[in-house]
There are 2 protein chains.
Amino acid sequence: MRRFCRLAAVVLAAATLTFGCSQTTQTQSQPYAELSEYALASNLGFDIVKSLTVEVGPRIPGSDGDKRAVEWAQAKFAELGFDRVFTQPVRVRNWSRGLADAKVTAPYEHDLVITALGGSIATPEDGLQAEIIMADSLEHLTTMSPDDVRGKIVFINHRMERDRAGRGYGPVVSGRVRGAVEASKLGASAILIRSVGTANSRFAHTGIMRYADDVEKIPAGALSNADADTIAAMVEAGHKVKLDVHLRAKELGWQTSYNVIGEFTGTERPDEIVLISAHLDSWDEGTGALDDGAGVGIVMAAAKLIKEQLGQPKRTIRVVLYAAEEIGLVGAHEYTRLEKDNLGKLIVAAESDFGAGKIYRLDTLFSPVGLTQAEPLFTALAPLGVERGNNEATGGPDVSMLPKYGVPVVNLRQDGTYYFDYHHTPNDTLDKIDPAALQQNVAVWAIFTAFMANSSIETRSPQS
Amino acid sequence: MRRFCRLAAVVLAAATLTFGCSQTTQTQSQPYAELSEYALASNLGFDIVKSLTVEVGPRIPGSDGDKRAVEWAQAKFAELGFDRVFTQPVRVRNWSRGLADAKVTAPYEHDLVITALGGSIATPEDGLQAEIIMADSLEHLTTMSPDDVRGKIVFINHRMERDRAGRGYGPVVSGRVRGAVEASKLGASAILIRSVGTANSRFAHTGIMRYADDVEKIPAGALSNADADTIAAMVEAGHKVKLDVHLRAKELGWQTSYNVIGEFTGTERPDEIVLISAHLDSWDEGTGALDDGAGVGIVMAAAKLIKEQLGQPKRTIRVVLYAAEEIGLVGAHEYTRLEKDNLGKLIVAAESDFGAGKIYRLDTLFSPVGLTQAEPLFTALAPLGVERGNNEATGGPDVSMLPKYGVPVVNLRQDGTYYFDYHHTPNDTLDKIDPAALQQNVAVWAIFTAFMANSSIETRSPQS
């Protein structure tokens, strides 16, 4: 990769020439201005999400909906004129939520809105009747005595904070993922969590949870935030609170799902690949519009609009729709395994998987030379409200394993202020997408992708 | 009532004197300023709604929850020190929603979020499978040909508009109430409506519907707005849309519910009554926090805070918590029947039944003399952001039948911009109440009620 170093000056000049910008003028070049205008006037991104959510709907990995989504994605790539469409089989565990219901039986009868966490076992056929013990957080739970927890239903009442960047998620989601193991170690009969979500609505938020091989499995569910409030009010008034919980989740065994991939092959350097991506699967209660239909629409539309407006790209644009993100980046890990000898071809990888809020910042993980060469890109994105960010990007969930193989990544940071109001709920539906914000996303991704594919930018570190 | 006329000048003087205001200064008098400050610092209103929603929860007329609510209300009046607490039996039809589910079976399979409309019959045991025909509104439905409708499921896709005063409700709710009759006349097998609600959420909004004796009953349900969008998208794409609908609603026969009434007896004119009210019942899926736990909290707290701050009132303050508002103002009609010989004692009647948004206007239905005498009241309410409104008040649902008996009424108009996001859904829960807005409501009702009870205002027309 030493050649990149020597070529840096030439490349920078070329990039500047190609797009008619310079660092001094800092104005958006003509091709970007036109591409931006074209994308901002196009409904293609929204039409794609609408097609996916209306014609397919929910698509939990391995389900019939997931199979329909795989067919839909291949047909959509073909319809959009991608010149290569292929799939990669991915083995997934199919899990079915089943009906879930629960009620408070003491001190006051109350029906609760509950959902099983992804991967949870069921409760016994007659349900589970037990007193609850409330913990403020996973950390609080781990300080509890087994004498206080044994036989009870642990209730983690940890409220997620709203934040544009979604920084409230990390501290709270640990209770969802690891709560069952920690509670079971203390002898709990089940674990329920306050939903990991920012809306105080009556929807429960699902999401993946984990068991450990050496710890007994216990049922795990999430209560809506409104119901968590009700229970907390009873606990805080000094009552013993008893619940009757029924989760009817089921493991359905192994199924085959697929990563679905569409390409516009590069005219000049077909073996240099710009990978943009989203995930095709979703949870099962909503229609997966924000998570991650929006991402699917954004990256498919961005590639297609580049083709329409600028013609075939110089480098290959590869759009990857990953399988089974929700249950542990399964499709992405399989992609990495299958493509391990080709990862050096990736100029950059990025995923759109944070809803449809406007993009406000571009973070990169580029070599110093690449960062300098990216100046015209930052300039081109500025009129769309996108700031230059840091150089510590992680790339998004499904490409987060690539930097350790030397693959440069970026994050096009979206406004996620309201994302976790809907995330993993039945309320993740098409109407939650603002068409204008989606158009801004498509325009930003189109400019980013066009720059990466049509310039000679070298994003890799020489040693990588 | 001719004496009121003769007394007008004296009364006006007395009102002015009692509260230390005049039309010229237009400043809030000392007792009102203190009462307002006291109410704005009190959590009593919120605590009452919290108690009702946590300790009782849903309370559909005639249900066990309703019976618990009646006991709760009597106990709460006693706890708050009301000096007379009594009930009026009200016969109500008890109806149970049962589980409801529906799916699109063609052109694309989709699970739908649906709820039965209040009073609907069930679908056949194996569900109802039929094609839909979409109408834009009830009016549109009535123009359709029986040949097009026969055997189909009518789907009224009429979207409610958001409005501070809730003016979007009237034009749309007619489809909910009368849709089954109109659809059945044309031979439809069932009717489904887009939910009468302003949030585009995945909750379906229930509410009462009606049958006609001479028209065959058909099942009636509401789809969430997000699901209505999905179906509309399929219809608009030219597809025949088929549904499989299961409503398991049941008539459970007659039960006795109760209007629950608490009073602070007037010291000087106990037979002159200031009636403030809310309704105790709710629909069954939420906890009835906005509809109408908020009203219950507001009027109970207002009366109690007057007693605490100003002592026993001169006229009697009567707080009425009506039974069975949701199924047709049943408790209110019974109140009117039972009290028909005493309606002349009512100085004013008003109900709080529009959630917990801030009050922005006072509309009255007072005699010209009463309106003049009310000047200090308008002055006292101005610092709380309450404007003087029109003199065409209707009083709120449960007192709407009283003006025809000569009873003066007012509307303390609340900001209902978001009320219909939650109205009649599982999402009508305590967290939807802004405690500060509720305090403003309590302060306004306290000032209004204190003025009516402690001044000598004569609100009735001499001829009434």
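The values are calculated or read from the model by the stated rules, or taken from the named source; none is laboratory data. Keep in mind it's a predicted model, so treat the numbers as computed, not measured. Neighbour counts are summed over all protein chains in view; Cβ atoms, including those assigned to glycine, are modelled from backbone coordinates with ideal geometry. With ligands, DNA and RNA removed, areas are computed over all heavy atoms of the protein, side chains included. Shrake-Rupley method; radii C 1.70, N 1.55, O 1.52, S 1.80 Å.
How crowded by other chains is B:55-65, given as the mean number of beta carbons from other chains within 10 Å of each beta carbon?
Details: counts 6, 3, 6, 3, 0, 0, 0, 0, 0, 1, 2.
That average works out to 2.
Please work out whether segment B:326-464 counts as rounded, prolate or oblate from its C-alpha gyration tensor, where a ≥ b ≥ c are the square roots of the eigenvalues and a/c under 1.5 means rounded, while otherwise a/b larger than b/c means prolate and anything else oblate? Can you show the working numbers first?
Values: a/c = 2.30, a/b = 1.24, b/c = 1.85.
Judged from the Cα gyration tensor, segment B:326-464 comes out oblate (a/c at least 1.5, b/c at or above a/b).
For A:Val409, list long-range residues whose amide hydrogen, built 1.01 Å from N in the peptide plane, is under 5 Å from its own amide hydrogen.
Excluding prolines and chain starts, which carry no amide H, the hits are A:Ala349, A:Leu365.
Report the net charge of residues surrounding B:Arg84, where surrounding means a beta-carbon distance below 12 angstrom and charges are Lys +1, Arg +1, Asp -1, Glu -1. Before the final figure, lay out the partial values.
Numbers: positive: B:Arg318; negative: B:Asp83, B:Glu263.
Local charge sum for B:Arg84: -1.
I need the inter-copy label distances for A:Val235: point set 7 Å along Cα to C-beta, values in nm with one decimal, smallest first.
Its label point is 4.6 nm from the equivalent points in the other copies.
Any idea which of B:Pro107, B:His205, B:Pro219 is furthest toward the positive side of the dipole for segment B:98-248, if Lys and Arg beta-carbons carry +1 and Asp and Glu beta-carbons -1?
Looking along the dipole axis, the top candidate is B:His205.
Report the A-B buried area as the accessible area lost on both sides summed, probe 1.4 Å, in Å² to the nearest 100. Working shown, then result.
Working: alone 17880 and 17930 Å², together 33910 Å².
Roughly 1900 Å² of accessible surface disappears when A and B pair.
Would you mind telling me the antiparallel percentage of the DSSP bridges in chain A, rounded to 5? Display every interim value, and only then the final one.
Values: 40 of 70 bridges.
Antiparallel bridges: around 55 percent, rounded to the nearest 5.
For chain A, rounded, prolate or oblate, judged on the Cα gyration tensor with a ≥ b ≥ c (square roots of eigenvalues), a/c < 1.5 rounded, else prolate if a/b > b/c? It would help to have the intermediate numbers written out before the result.
Details: a/c = 2.19, a/b = 2.08, b/c = 1.05.
Because a/c hits 1.5 or more and a/b exceeds b/c, chain A counts as prolate.
So who's got an amide H within less than 5 Å of the one on B:Gly221, skipping anything under 5 residues away but keeping other chains? H placed 1.01 Å off N, in plane.
Close amide H contacts, sequence-distant or interchain: B:Leu117, B:Ile191, B:Leu192, B:Ile193.
Across peptide B:426-433, how many C-beta atoms of other chains are within 10 Å of each residue C-beta, on average? Intermediate results must be reported in sequence, preceding the final value.
Working: counts 8, 9, 2, 10, 5, 10, 4, 0.
Counting other chains' Cβ atoms within 10 Å and averaging over B:426-433 gives 6.
How far is B:Gly344 from itself in the other copies, in nm, if each label sits 7 Å out from Cα along the Cα-Cβ line, shortest first?
Taking the point 7 Å beyond Cα along Cα→Cβ, the inter-copy spacings are 10.3 nm.
Once label points are set 7 Å from the Cα along Cα→Cβ at both A:Lys404 and A:Met144, what is their separation, rounded to one decimal in nm?
Result for the modelled spin labels: 3.3 nm.
Along the charge dipole of segment A:311-354, pointing to its positive end and built from +1/-1 on Cβ of Lys, Arg, Asp and Glu, which listed residue (A:Pro313, A:Asn342, A:Phe354) has its Cα farthest out?
With unit charges placed on the Cβ atoms, the residue in question is A:Pro313.
Distances over 13 Å make up what percent of all Cα-Cα pairs in segment B:159-215? It would help to have the intermediate numbers written out before the result.
Details: 991 of 1596 pairs.
The share of Cα pairs beyond 13 Å in segment B:159-215 comes to 62 percent.
For a protection proxy built on the mean count of beta-carbon atoms within 10 angstrom, sort B:94-102, A:387-395, A:295-303 highest first, please. Can you show the working numbers first?
On the way: B:94-102: 18.2, A:387-395: 16.1, A:295-303: 29.9.
Ranked by mean Cβ neighbours within 10 Å, highest first: A:295-303, B:94-102, A:387-395.
Quickly work out the A:Arg248-to-B:Leu99 label distance, labels modelled 7 Å from Cα along the C-beta direction, and quote it in nm with one decimal.
So the two model labels end up 0.5 nm from each other.
Extension gain B:Lys340-B:Glu125, at 0.36 nm per residue separation less the Cα-Cα distance, in nm?
Full-extension gain reported as 72.8 nm.
Let me check against my output: what whole-number percent is the relative contact order of chain B, with C-alpha pairs under 8 Å and at least 6 apart? Kindly include the intermediate steps, with their values, before the conclusion.
On the way: 1169 pairs, mean separation 109.6, N = 464.
Result for chain B is 24 percent.
Decide, for segment B:253-339, between rounded, prolate and oblate: order the square roots of the alpha carbon gyration tensor eigenvalues as a ≥ b ≥ c, take rounded if a/c falls under 1.5, and otherwise choose prolate if a/b is larger than b/c, else oblate. Before the final figure, lay out the partial values.
Numbers: a/c = 3.46, a/b = 1.58, b/c = 2.18.
Taking the square roots of the gyration eigenvalues as a ≥ b ≥ c, segment B:253-339 is oblate.
I need the inter-copy label distances for A:Pro383: point set 7 Å along Cα to C-beta, values in nm with one decimal, smallest first.
The answer, with the shortest distance listed first, is 5.5 nm.
Based on the mean of other beta carbon atoms within 10 Å per residue, what is the order of A:399-411, B:173-185, most packed first?
Numbers: A:399-411: 20.3, B:173-185: 23.0.
Packing order, densest peptide first, comes out as B:173-185, A:399-411.
As a test, work out the antiparallel percent of DSSP beta bridges whose residues both lie in the protein assembly as shown, rounded to the nearest 5.
55
Average partner chain C-beta neighbours within 10 Å, per residue of A:283-294?
Values: counts 0, 1, 3, 2, 6, 0, 1, 0, 0, 0, 0, 0.
What the average comes to for A:283-294 is 1.
For B:Asp291, tell me the accessible area in Å² from a 1.4 Å probe, rounded to the nearest 10.
We get 10 Å² for B:Asp291.
Please grab the % of Cα pairs in segment B:139-292 that end up more than 19 Å from each other.
Details: 7589 of 11781 pairs.
Pairs farther apart than 19 Å: 64 percent.
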